[in-house]
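Encoded as structure tokens, the structure appears first; notes follow it.
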Amino acid sequence: MEKTIIAIGGGEIKNKTTLKIDEYIANKAKNHAGEKRANALFIGTASHDSMPYFNSFRKTYTSVFDIKAEVALIVYGEMNMEKIAGKIEMADCIYIGGGDTVYMLDKWKETGLDKLIIKAYEDGKIICGLSAGAICWFKDMYTDYEIMRGQSSEYVLKKGLGILDGAMCPHFNEREQDFTAALKKGEINGAYCVENDCAIEFIDGKYNGVISAGGKAYYMSIENGETIKKEL
């Protein structure tokens, strides 16, 4: 079974800035569903299960693409894990929303949701996510975790789930200067750097291409002390 992750650098689903990417995801979900109506499960743990965020997701995936939209809620204990496991089983596509990446991963680990999502990935369900929902799959994540908490004014590297090798920097059009400085400090050897309204796809753990709704993606590294920026 082909394993797919689509990592979106950023954008506003509410304002449909990622619509071309969402269309690509929707078509993959429909192919996965076959003759039945496709089902997409939204997981908004990183935004503390924001229902307006889910409603924006539903307005795009249901109203535009005719995909049934479901939601998994764990932050305030609204749903038990058995019910969520059933929703994951029915899903053709799982979409992880943006927000606080470290909070999200801590909550997943606490509830066991991480194991359910990883199994869904291994079973061939389409996995996609934006910002926090994109970087969480990598070994290393370039995140604004401490900025969000008012603990510092700097981005930091945190460990992700490690399903994908390497690292990812989201919102690269906003963070290029800071990320380049981190590279030069030797904090990281290289990373996928994805702008808003752009996504990169991985098939069976390997980079497969770019899906753009206006943004670009790069791979940045240090070679012989020089910063190398390669457009993907």
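The values are calculated or read from the model by the stated rules, or taken from the named source; none is laboratory data. Just so we're clear, the structure is a prediction, and the values are computed from it rather than from any experiment. Cβ coordinates were reconstructed from backbone atoms using ideal geometry, including for glycine residues, and neighbour counts include every protein chain displayed. The protein model used for the area step is the full one, side chains on, heavy atoms only, and it has no ligands, DNA or RNA in it. Shrake-Rupley method; radii C 1.70, N 1.55, O 1.52, S 1.80 Å.
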Kindly state, to the nearest 0.05, the FRET efficiency for TYR219 paired with ASN27, given R0 = 35 Å and r defined as their beta-carbon distance. 0.85
Which order do the peptides 196-205, 28-37, 69-78, 4-13 come out in when sorted by mean C-beta neighbours inside 10 angstrom, highest first? 4-13, 196-205, 69-78, 28-37
Modelled FRET efficiency - R0 30 Å, LYS20 with LEU157, Cβ distances, 0.05 increments: 0.50
Between ILE135, ASN224, GLY11, whose Cα lies farthest towards the positive end of the dipole of the chain when Lys and Arg beta carbons carry +1 and Asp and Glu beta carbons carry -1, centred on the Cα centre? GLY11
Using a cut-off of 15 Å between beta-carbons, work out the net charge of the residues near LEU73 (Lys and Arg +1, Asp and Glu -1, LEU73 not included). -1
Report the FRET efficiency, 1/(1 + (r/R0)^6), for ARG37 and TYR207, where r is their Cβ-Cβ distance and R0 is 30 Å, rounded to 0.05. 0.45
Cβ-Cβ cut-off under 11 Å around LYS125, Lys and Arg +1, Asp and Glu -1: the net charge is -2
What does a probe at LYS229 reach in segment 185-204, counting residues whose amide N is under 13 Å from the point 7 Å along Cα→Cβ? 193-195
In degrees, nearest ten, helix 81-90 long axis to first principal axis of the chain (Cα): 90 degrees
Give me the net charge for the shell around GLY166: Cβ to Cβ below 9 angstrom, other residues only, Lys and Arg +1, Asp and Glu -1. -1
Taking the Cα centre of the chain as origin, work out the dipole magnitude from +1 charges on Lys and Arg Cβ and -1 charges on Asp and Glu Cβ, in debye rounded to 20. 400 debye
Apply the Karplus curve 6.51 cos²θ - 1.76 cosθ + 1.60, θ = phi - 60°, to the phi angles in segment 166-183 and return the couplings in whole Hz, x for Gly and Pro. x, 9, 9, 10, x, 6, 4, 5, 9, 10, 4, 4, 5, 5, 4, 5, 5, 4
Using a 1.4 Å probe on the protein chains only, how many percent of the accessible area of segment 81-232 belongs to carbon and sulfur? 43 percent
Going by average Cβ neighbours within 10 Å, how do the peptides 174-186, 87-99 rank, with the highest at the top? 87-99, 174-186
Between (i) 137; (ii) 153; (iii) 112, which entry matches volume of the Cα convex hull per residue in Å³ as derived from the coordinates of this structure? (iii)
Run the numbers for ILE118 and ASN189: contour at 0.36 nm per residue of separation, minus the present Cα-Cα distance, in nm. 23.0 nm
Apply the Karplus curve 6.51 cos²θ - 1.76 cosθ + 1.60, θ = phi - 60°, to the phi angles in segment 185-198 and return the couplings in whole Hz, x for Gly and Pro. 6, x, 5, 8, 7, x, 6, 6, 10, 10, 6, 4, 6, 8
Please list, in chain and number order, the residues 5+ apart from GLY166 or on another chain whose amide H is under 5 Å from its amide H, with Hs placed from the backbone. LYS139, ASP140
